[in-house]
Amino acid sequence: MSDRVAVPAAVSLRLRLADLVARLERFPMAVLQLLFRVSIAAVFWNSGLTKIASWQSTVVLFRDEYRVPVIPPEIAAALAAAVELTCPVLLVLGLATRLATLPMLGMTFVIEAFVYPEDWIEHLTWASLLLMLLTRGPGAIALDRWLAPQVRGRRLP
């Protein structure tokens, strides 16, 4: 006779699910933070490349379709392109990550409020990724992680 006790199928399934959840919770947050940084950076980077590919078309777009309030279209286009081509680089490197999220969040808000409010689901996704990075930081796979102790005068352990 076996010493094993028969476990009902429902209990066995719950145990396997609990084990799976426990394994998933051990997934490194730093990997997720890196994926968040790269994915949102790609969205803004691609938009920036599109803007500089045809500058005249970009200015016309800002003048005729985007119509951002208060700022002239030429300045709005230049600011948008500057943010879209600098902040994503900082995010991918994990350098000044929290600071880099702020102009991107601002752009997301402006786009949602004044340009394409019907695309709120996409903008909510962007804002969620950016807010995660703003509040939790870039993670361990980032230049910020290695540079912060140097800036503060301490070395990494």
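Bear in mind that the values in this text are calculations on the coordinates, not laboratory data. Small disclaimer: the values here were computed from a predicted structure and weren't measured. Virtual Cβ from ideal backbone geometry, glycine too; neighbours counted across all protein chains shown.
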On the formula 1/(1 + (r/R0)^6), with r taken between the Cβ atoms of ILE121 and LEU17 and R0 of 30 Å, the FRET efficiency rounded to 0.05 is 0.50
Placing each pseudo-label 7 Å from Cα in the direction of the beta carbon, ARG136 and VAL31 end up separated by a distance in nanometres of 1.4
Packing-ranked peptide list from 54-65, 17-28, highest mean Cβ count within 10 angstrom first, is 54-65, 17-28
